[in-house]
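Undergrad: Take a look at this one; I'll ask things after.
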Amino acid sequence: MEMVRFEKPASKVEDKEIIEIKVKREDARRGRVRTKAPDGEDLIIDLSRGETINEGEIFGPSEKGHYYKTLIEPEPVLKVALEKFGATKDVENALRLGYSLGNHHLEVLVDGDAAYVPVTIAEEKIREILKRTVLPVKVEMQQRVISASASGYYAGEEEEQS
């Protein structure tokens with residue numbers, strides 16, 4: 001069977017069943033995915049350089065007339081929440097935490113009062129970085145979808161393109 005290749009999201013979706021496909025965040029960030037869909041079709045999503053695959057994007061139709069919706073897979077993250085002290089101290093602590101995480105080029109999703117740090121390096125190393133900040137933080141391991149299209153997401157140091 002031949003691979004089905006998509007180079008851009010569908011501009012118009014017909015009233016047909018949409019098949020969900022799971023995508024790793026790193027593949028979505030690169031804009032390139034090769035996978036087998038639940039219906040058995042071999043799929044390639046290959047977007048133009050610099051484009052990313054976003055949560056919920058629809059690709060298709062395939063030769064069989066199927067459409068595919070991308071779902072970013074949950075991944076292990078550390079939820080980091082600062083203890084509350086008062087407006088001035090809270091802002092100072094948040095800035096210090098952001099500076100420390102950014103200084104280590106860690107990816108971060110800020111959502112509400114928490115920062116979510118994908119475990120792309122050893123969990124112990126991230127916990128040590130947080131401990132060295134001497135900030136009053138609560139840290140909890142979770143599984144969460146971190147999407148490049150999320151507001152509040154910072155990818156850390158950009159990879160060099162070759």
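Undergrad: Go through (1) touching a helix residue (DSSP H, G or I) at 6+ places or on another chain (Cβ under 8 Å); (2) over 16 Å from Leu71 (Cβ atoms) and name the single condition Gly40 misses.
TA: Tallying (1) touching a helix residue (DSSP H, G or I) at 6+ places or on another chain (Cβ under 8 Å); (2) over 16 Å from Leu71 (Cβ atoms), Gly40 fails exactly one: (1).
Undergrad: Name the residue, out of Lys89, Lys131, that is out of contact with any Asp or Glu (no Cβ under 8 Å at 6 or more places or on another chain) and at pLDDT below 95.
TA: Every option except Lys89 fails the conditions.
Undergrad: Any residue that is surrounded by 11 or more Cβ atoms within 10 Å (Cβ to Cβ) and at pLDDT 95 or above - is there at least one of those in segment 146-160?
TA: Looking for residues that are surrounded by 11 or more Cβ atoms within 10 Å (Cβ to Cβ) and at pLDDT 95 or above, one finds none in segment 146-160, hence no.
Undergrad: Could you list, ordered by first residue, the pairs with Cβ atoms under 9 Å in which the first is in segment 99-127 and within 13 Å of Leu82 (Cβ to Cβ) and the second is surrounded by 15 or more Cβ atoms within 10 Å (Cβ to Cβ) and charged (D, E, K, R), at least 6 apart or interchain?
TA: Matching pairs, first to second residue: Leu101/Glu107; Ala114/Lys79; Ala115/Lys79.
Undergrad: Return yes when Glu26 is more than 12 Å from Gly60 (Cα to Cα), of a type outside the set (Lys, Arg) and not in a loop (DSSP other than H, G, I, E, B) and no when it is not.
TA: yes
Undergrad: Just checking, which of Lys138, Lys89 is without any contact (Cβ under 8 Å) to a residue 60 or more places away in the chain, surrounded by fewer than 15 Cβ atoms within 10 Å (Cβ to Cβ), not assigned by TED's automatic domain parsing to the domain that holds Glu55 and not in a strand (DSSP E or B)?
TA: Sole residue among the options that is without any contact (Cβ under 8 Å) to a residue 60 or more places away in the chain, surrounded by fewer than 15 Cβ atoms within 10 Å (Cβ to Cβ), not assigned by TED's automatic domain parsing to the domain that holds Glu55 and not in a strand (DSSP E or B): Lys89.
Listed here are the residues, each with its yes/no results for (1) among the hydroxyl-bearing types (Ser, Thr, Tyr); (2) within 24 Å of Glu140 (Cα to Cα); (3) modelled with pLDDT of 90 or more.
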site	(1), (2), (3)
Met1	no, no, no
Ala10	no, no, yes
Glu17	no, no, no
Gly40	no, no, no
Ile45	no, no, yes
Pro61	no, no, yes
Gly65	no, no, no
Glu75	no, yes, yes
Leu78	no, yes, yes
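Undergrad: Which condition number does Pro61 fail, the rest of (1) touching a residue at least 24 places away in the same chain (Cβ under 8 Å); (2) buried (at least 16 other Cβ atoms within 10 Å of the Cβ); (3) within 20 Å of Ser147 (Cβ to Cβ) being met?
TA: Status for Pro61: all satisfied but (3).
Undergrad: Ala37 fails exactly one of the following numbered conditions: (1) surrounded by 15 or more Cβ atoms within 10 Å (Cβ to Cβ); (2) without any contact (Cβ under 8 Å) to a residue 12 or more places away in the chain. What is the number of that condition?
TA: The single condition Ala37 does not satisfy is (2).
Undergrad: Please work out which residue is farthest from the chain's Cα centre (by Cα), limiting yourself to segment 11-34 and to residues that are in contact (Cβ under 8 Å) with a residue 40 or more places away in the chain and under 26 Å from Val119 (Cα atoms).
TA: Glu20
The values are calculated or read from the model by the stated rules, or taken from the named source; none is laboratory data. Just so it is clear, the model here is predicted, and its values are computed rather than measured. When we count neighbours, we look across all protein chains shown, and the Cβ atoms used for this are built from the backbone with ideal geometry, even at glycine.
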